[in-house]
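Report on one structure; see the data block that follows.
The values are calculated or read from the model by the stated rules, or taken from the named source; none is laboratory data. On a predicted model such as this, the values are computed, not experimentally measured, just so you know. Surface accessibility is based on the protein's heavy atoms, side chains included, excluding ligands, DNA and RNA. Shrake-Rupley method; radii C 1.70, N 1.55, O 1.52, S 1.80 Å.
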Amino acid sequence: QVQLVEAGGGLVQPGGSLRLSCAASGIRIRINAMGWYRQAPGKERELVAYITSGLTTNYANSVKGRFTISRDTARSTVYLQMNNLKPEDTAVYYCNKYPSTNYWGKGTLVTVSS
(Lines give C-alpha, C1' and ligand atoms only; values in the text may rest on other atoms or scores of the structure.)
Protein backbone atom coordinates (compact mmCIF):
# COMPACT_ATOMS: atom_id res chain seq x y z
CA GLN A 1 0.00 0.00 0.00
CA VAL A 2 1.51 3.29 -1.13
CA GLN A 3 1.24 6.12 1.37
CA LEU A 4 2.67 9.62 0.99
CA VAL A 5 2.43 12.06 3.88
CA GLU A 6 3.54 15.63 3.26
CA ALA A 7 4.27 18.07 6.07
CA GLY A 8 6.01 21.34 6.80
CA GLY A 9 3.78 23.86 5.09
CA GLY A 10 2.55 27.05 6.65
CA LEU A 11 2.30 30.79 6.35
CA VAL A 12 5.53 32.60 5.60
CA GLN A 13 6.43 36.12 4.54
CA PRO A 14 7.99 36.83 1.15
CA GLY A 15 11.69 36.09 1.30
CA GLY A 16 11.21 33.48 3.99
CA SER A 17 12.02 29.78 4.00
CA LEU A 18 10.26 26.50 4.63
CA ARG A 19 11.33 22.88 4.56
CA LEU A 20 8.79 20.36 3.38
CA SER A 21 9.02 16.67 4.08
CA CYS A 22 7.34 13.67 2.49
CA ALA A 23 7.27 10.37 4.35
CA ALA A 24 6.89 7.60 1.79
CA SER A 25 5.81 4.05 2.50
CA GLY A 26 5.20 1.35 -0.06
CA ILE A 27 7.72 3.07 -2.36
CA ARG A 28 11.42 2.36 -2.39
CA ILE A 29 12.73 5.88 -2.81
CA ARG A 30 16.27 4.55 -3.23
CA ILE A 31 15.40 3.10 -6.63
CA ASN A 32 12.58 5.40 -7.72
CA ALA A 33 12.76 8.96 -8.94
CA MET A 34 10.69 11.15 -6.63
CA GLY A 35 9.19 14.53 -7.30
CA TRP A 36 7.57 17.48 -5.63
CA TYR A 37 4.53 18.96 -7.31
CA ARG A 38 2.30 21.90 -6.49
CA GLN A 39 -1.15 23.14 -7.31
CA ALA A 40 -2.00 26.79 -6.94
CA PRO A 41 -5.61 27.97 -6.64
CA GLY A 42 -7.33 27.80 -9.99
CA LYS A 43 -4.34 26.21 -11.71
CA GLU A 44 -3.31 22.73 -12.73
CA ARG A 45 -0.83 20.72 -10.72
CA GLU A 46 2.73 21.25 -11.90
CA LEU A 47 6.09 19.61 -11.34
CA VAL A 48 8.39 21.62 -9.08
CA ALA A 49 11.44 19.37 -8.80
CA TYR A 50 12.53 15.76 -8.98
CA ILE A 51 15.42 13.63 -7.82
CA THR A 52 16.48 10.42 -9.54
CA SER A 53 17.78 7.21 -8.04
CA GLY A 54 21.24 8.41 -9.00
CA LEU A 55 20.66 11.71 -7.15
CA THR A 56 20.37 13.81 -10.29
CA THR A 57 18.06 16.74 -9.62
CA ASN A 58 15.98 18.91 -11.89
CA TYR A 59 13.91 22.01 -11.17
CA ALA A 60 11.20 24.06 -12.77
CA ASN A 61 12.60 27.33 -14.06
CA SER A 62 10.40 29.25 -11.63
CA VAL A 63 12.12 27.73 -8.58
CA LYS A 64 15.64 27.12 -9.86
CA GLY A 65 18.22 28.54 -7.50
CA ARG A 66 15.71 28.87 -4.65
CA PHE A 67 14.47 25.31 -4.00
CA THR A 68 16.49 22.19 -3.24
CA ILE A 69 15.17 18.64 -3.34
CA SER A 70 16.87 15.89 -1.34
CA ARG A 71 16.11 12.51 0.16
CA ASP A 72 16.98 10.39 3.18
CA THR A 73 16.62 6.75 2.20
CA ALA A 74 17.07 5.55 5.81
CA ARG A 75 13.98 7.55 6.77
CA SER A 76 12.25 6.96 3.42
CA THR A 77 11.68 10.71 3.31
CA VAL A 78 11.98 13.27 0.55
CA TYR A 79 12.56 16.93 1.36
CA LEU A 80 12.06 20.24 -0.37
CA GLN A 81 14.01 23.17 1.01
CA MET A 82 12.40 26.38 -0.18
CA ASN A 83 14.23 29.67 0.20
CA ASN A 84 13.44 33.21 -0.88
CA LEU A 85 9.78 32.34 -1.15
CA LYS A 86 7.53 34.48 -3.33
CA PRO A 87 3.76 35.00 -3.27
CA GLU A 88 3.51 33.01 -6.51
CA ASP A 89 4.86 29.97 -4.65
CA THR A 90 1.57 29.79 -2.74
CA ALA A 91 0.09 26.37 -3.43
CA VAL A 92 -0.62 22.95 -2.02
CA TYR A 93 2.57 20.91 -2.35
CA TYR A 94 2.56 17.17 -3.00
CA CYS A 95 5.16 14.50 -3.45
CA ASN A 96 4.89 11.50 -5.75
CA LYS A 97 7.03 9.37 -7.95
CA TYR A 98 8.47 10.99 -11.04
CA PRO A 99 6.73 10.62 -13.41
CA SER A 100 3.71 10.85 -11.16
CA THR A 101 1.31 8.02 -10.42
CA ASN A 102 -2.28 8.01 -9.21
CA TYR A 103 -1.15 7.75 -5.58
CA TRP A 104 -1.33 11.25 -4.12
CA GLY A 105 -1.14 12.31 -0.52
CA LYS A 106 -3.18 15.11 1.00
CA GLY A 107 -0.45 17.65 0.38
CA THR A 108 0.72 20.50 2.57
CA LEU A 109 -0.36 24.10 2.09
CA VAL A 110 2.25 26.79 1.64
CA THR A 111 1.04 30.37 1.81
CA VAL A 112 3.47 33.19 1.06
CA SER A 113 2.03 36.50 2.10
CA SER A 114 2.88 39.61 4.04
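Residues of region 72-114: accessible area per residue at 1.4 Å, in Å²?
Accessible surface, normalised per residue, equals 53 Å².
Run down the lysines and flag those whose C-alpha is under 19 Å from the C-alpha of Lys43, throwing out any fewer than 8 positions away in its chain.
Within reach: Lys86, Lys106.
How large is ³J(HN,Hα), in whole Hz, for each residue of region 82-92 in order, when computed from phi with the Karplus curve 6.51 cos²θ - 1.76 cosθ + 1.60 and θ = phi - 60°, using x for Gly and Pro?
In residue order, the calculated couplings are 10, 10, 6, 5, 10, x, 6, 7, 4, 4, 8 Hz.
So what are the ³J(HN,Hα) numbers for region 72-77, from phi and the Karplus equation (6.51, -1.76, 1.60; θ = phi - 60°), rounded to whole Hz, Gly and Pro as x?
Each residue of region 72-77 in turn: 10, 5, 5, 9, 6, 10 Hz.
Which aspartates and glutamates, if any, have their Cα less than 15 Å from the Cα of Lys64, not counting same-chain residues under 8 positions apart?
Those aspartates and glutamates meeting the cut-off are Glu46, Glu88, Asp89.
Summarise the accessible area of the chain (1.4 Å probe, protein heavy atoms) by the percent that is carbon and sulfur.
With neighbouring chains kept in place, the figure for the chain is 45 percent.
Tell me whether the chain comes out rounded, prolate or oblate; compute the Cα gyration tensor, take square roots of the eigenvalues as a ≥ b ≥ c, and use a/c under 1.5 as the rounded threshold.
Numbers: a/c = 1.74, a/b = 1.54, b/c = 1.13.
Prolate.
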